[in-house]
Amino acid sequence: MQTNILVTGGAGYIGSHVTVRLHEEGFNPIILDDFSNSDKSVLDRLKKITGKSFTCYEGSILDEPLLNKIFSEHQIAGVIHFAAKKAVGESVEKPLLYYRINVAGLVTVLEAMHAHNCNSLVFSSSCTVYGEPDKLPVTEESPKKPASSPYGNTKQIGEEIIEDAVKSGMALKSIALRYFNPIGAHPSAEIGELPLGVPNNLVPFITQTAAGIREKLTVFGNDYDTPDGTCIRDYIHVMDLADAHVQAIAHLNSIAETSHFDVINVGTGRGNTVLEAIKAFENVTGLSLNYTIGSRRPGDVEKVYAEVEKSAKILNWKTKYSLEESMRDAWNWQKRLSGL
Ligand code: WQD
């Protein structure tokens, strides 16, 4: 009898990669997605990779009757909750949309879990909760800083909601995974980050520039206090990130206590500058990227990368992919999208 895991946002960038790995590890992922930031063709591509047509419910995490239907039709052992809005800039323009989806949506999922005695939750959080860390590498005990965007605030609030629910004595075991910078795509190039509009993030902008979709990349500032003046980030391959989720849900299912909350950094533990990321892309593709140095982007953190001891200890997990391999897979995905 397979263990059913509800993956909200399971047709999305990270959710689809987690769906593949859950299946490969013997779980039965059930997808809930409103396809607002994905496409139904992802389901066909998941079948191409795994040979399986996954059960998928189309709809919103705010749709309480739908959630009750899902929990009534399946014995759900745990939930991995990805479904959320995630564009920093958009969250500044549309804060209420972000609080409705990311905060009210999480509460709706938690209420449905409680109503159906499902008590394991992996929550998609972000290193954005640390803001500009005082010390590096950043540990889970590093202080959370006031959020620099409504998006970042919804992640902080999400963690607090879950912690308060656990403290209330609700039968809930939860791990909030604080992602660093997810990049890359499944090595098959069947799934990856679907481009919607002009990319905000570095790596999709790099690959679209290399594919000729964007004229050039602008590096947002080279006057930071870093070895080459450009910002430092912890770029983690989405497949490594997916494995951390499988380990997290398995860990939760193994915990005897009925109430548990923890936060875990999910990064490589390595920091790379923007110029190093560009160099890695050029090395692995043999291409020369057209980029210029521009002014700083408001709100950017100068440097952040993860301390990874806790994830190694609790999840028995560490990353396997290098920055170059992440860039290789990101480029293969872009070539697939662009028909190159
Ligand atoms: C990385 C670096 C930019 C684009 C954000 C969210 C975070 C998470 C990941 C959702 C920075 C530089 C970028 C460009 C550039 N999102 N850059 N030119 O800002 O670290 O994190 O996305 O979960 O919560 O905050 O990622 O890829 O936007 O930027 O120079 O065209 O690349 O300045 O230094 P970021 P990013």
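The values are calculated or read from the model by the stated rules, or taken from the named source; none is laboratory data. Here the structure is a predicted model, which is why all the values come from computation and not from measurement. Positions of Cβ are generated from backbone atoms using ideal geometry, with glycine treated the same way; all protein chains shown enter the neighbour counts. Just the protein is used for accessible areas: all its heavy atoms, side chains included, with ligands, DNA and RNA removed. Shrake-Rupley method; radii C 1.70, N 1.55, O 1.52, S 1.80 Å.
Relative contact order for the chain: what percent, with Cα pairs under 8 Å and sequence separation of 6 or more?
On the way: 690 pairs, mean separation 65.8, N = 340.
Reported relative contact order: 19 percent.
Rounded if a/c is under 1.5, else prolate if a/b beats b/c, else oblate: with a ≥ b ≥ c from the C-alpha gyration tensor eigenvalues square-rooted, which is region 1-73? Don't skip to the end; give the middle numbers.
Numbers: a/c = 2.05, a/b = 1.21, b/c = 1.69.
Cα axes put region 1-73 in the oblate bin.
Only helical DSSP H runs with n ≥ 4 go in: add -39500 (n - 2.57) per run for the chain, normalise by residue count and round the 222 nm mean residue ellipticity to 500 deg cm²/dmol. All intermediate terms of the calculation are to be shown ahead of the outcome.
Values: 12 runs with 132 residues, N = 340.
Dividing the helical sum by the residues of the chain leaves -12000 deg cm²/dmol.
List the trypsin sites (Lys or Arg not before Pro) within region 1-94 that DSSP assigns to loop and that have no more than 12 neighbouring Cβ atoms inside 10 Å.
Details: sites: ARG21, LYS40, ARG45, LYS47, LYS48, LYS52, LYS69, LYS85, LYS86; in loops: LYS40, LYS52, LYS85, LYS86.
Sparse-neighbourhood loop trypsin sites (Lys or Arg not before Pro): LYS40.
Before I look further, what does the chain give for accessible area per residue, probe 1.4 Å, in whole square angstrom? Spell out each step's value before the answer.
Working: 14310 Å² over 340 residues.
Accessible area per residue, the chain: 42 Å².
Note the angle between two axes, namely the Cα long axis of helix 150-167 and the longest principal axis of the Cα atoms of the chain, as a number of degrees from 0 to 90, rounded to the nearest 10.
30 degrees
What are the GluC sites (Glu not before Pro) within region 71-167 that DSSP puts in a loop, where the Cβ has at most 14 other Cβ atoms within 10 Å? Don't jump to the answer; show the numbers that get you there.
Working: sites: GLU73, GLU90, GLU93, GLU111, GLU140, GLU141, GLU159, GLU160, GLU163; in loops: GLU140, GLU141.
Here the sparse-neighbourhood loop sites are GLU141.
Could you state the angle between the C-alpha long axis of helix 323-338 and the longest principal axis of the C-alpha atoms of the chain, as a value from 0 to 90 degrees rounded to the nearest 10?
90 degrees
Report the dimensions of the chain along its three principal axes from the alpha-carbon atoms, largest first, rounded to Å.
If we take the Cα atoms of the chain, the spans are 54, 44, 38 Å.
For labels at GLN2 and GLU163 in the simple 7 Å Cα→Cβ model, what's the distance in nm?
A separation of 3.6 nm, rounded to one decimal place.
What is the calculated FRET efficiency for ILE255 to LEU196, with r their C-beta to C-beta distance and R₀ = 30 Å, to the nearest 0.05? Please report the intermediate quantities before stating the final value.
Numbers: r = 37 Å, r/R0 = 1.24.
The formula returns an efficiency of 0.20 here.
Where both partners of a DSSP beta bridge lie in the chain, what percent of those bridges are antiparallel, to the nearest 5?
On the way: 2 of 42 bridges.
Here the share of antiparallel DSSP bridges comes out near 5 percent.
For MET239, what charge total do you get from the other residues with a beta carbon under 10 Å from its beta carbon, if Lys and Arg give +1 and Asp and Glu give -1? Kindly include the intermediate steps, with their values, before the conclusion.
Working: positive: ARG21, LYS320; negative: ASP240, ASP243, GLU325, ASP329.
Cβ neighbours under 10 Å give a net charge of -2.
Please compute the net charge surrounding ILE161, taking Lys and Arg as +1 and Asp and Glu as -1 over other residues with Cβ under 12 Å from its Cβ.
Details: positive: LYS155, LYS167; negative: GLU111, GLU159, GLU160, GLU163, ASP164.
After counting each charged neighbour, the total is -3.
Kindly express, to the nearest 10 degrees and within the range 0 to 90, the angle between helix 13-24's C-alpha long axis and the longest C-alpha principal axis of the chain.
Orientation of helix 13-24: about 60 degrees from the principal axis.
Pop out the carbon and sulfur fraction of the accessible area of region 204-249 as a percent, whole number, probe 1.4 Å.
Roughly 45 percent, rounded to a whole number.
May I ask you to evaluate 6.51 cos²θ - 1.76 cosθ + 1.60, the Karplus curve with θ = phi - 60°, for each residue of region 298-311 and list the ³J(HN,Hα) values in order in whole Hz, giving x for glycine and proline?
x, x, 5, 7, 5, 8, 7, 8, 8, 8, 10, 5, 5, 5
Taking a virtual spin label 7 Å from the Cα of ASN283 along the C-beta vector, which residues in region 218-243 bring their backbone nitrogen under 19 Å of it?
227-238
Please report, in whole Å, how far the alpha carbons of region 228-300 spread along each principal axis, starting with the longest.
Taking the Cα atoms of region 228-300, the three principal extents are 54, 31, 15 Å.
Determine, from the Cβ-Cβ distance of GLU140 and ALA211 and an R0 of 35 Å, the FRET efficiency 1/(1 + (r/R0)^6), rounded to the nearest 0.05. It would help to have the intermediate numbers written out before the result.
On the way: r = 38 Å, r/R0 = 1.07.
E(calc), rounded to 0.05, equals 0.40.
Name the long-range amide H neighbours of ILE80: under 5 Å, sequence gap of 5 or more, or other chain; modelled H, no Pro or chain starts.
Close amide H contacts, sequence-distant or interchain: LEU6, VAL7, THR8, VAL122.
Roughly how many nanometres apart are two label points built 7 Å out from the Cα toward the Cβ at PHE35 and LEU62?
Between PHE35 and LEU62, the label points sit 2.0 nm apart.
What are the principal axis extents of the Cα atoms in region 259-325, in Å, biggest first?
51, 31, 16
Please list the non-local residues whose amide H lies under 5 Å from the amide H of ILE183, H modeled 1.01 Å from N, same-chain partners needing a gap of 5 or more.
HN-HN under 5 Å from ILE183: ILE236, HIS237, VAL238.
Given all pairs of different Cα atoms, what value in angstroms does the Kirkwood hydrodynamic radius of region 85-223 take?
Values: mean 1/r = 0.0576 Å⁻¹.
This gives a value of 17.4 Å.
Over region 1-65, with every protein chain in place, what whole percent of the accessible area is carbon and sulfur at 1.4 Å, could you tell me?
Working: 1160 of 2690 Å².
Here it works out to 43 percent.
Among the trypsin sites (Lys or Arg not before Pro) within region 163-223, which fall in a DSSP loop and have no more than 13 other Cβ atoms within 10 Å of their own Cβ?
Working: sites: LYS167, LYS173, ARG178, ARG214, LYS216; in loops: ARG214, LYS216.
Qualifying residues, ordered by number: LYS216.
Could you check the simple spin-label distance between TYR291 and THR55, using points 7 Å along Cα→Cβ, in nm with one decimal?
In this crude label model, TYR291 to THR55 measures out at 4.5 nm.
What is the mean projected area of the alpha carbon convex hull for region 1-156, to one decimal in square nanometres? Before the final figure, lay out the partial values.
Working: hull surface 40.5 nm².
Its average projected convex-hull area is 10.1 nm².
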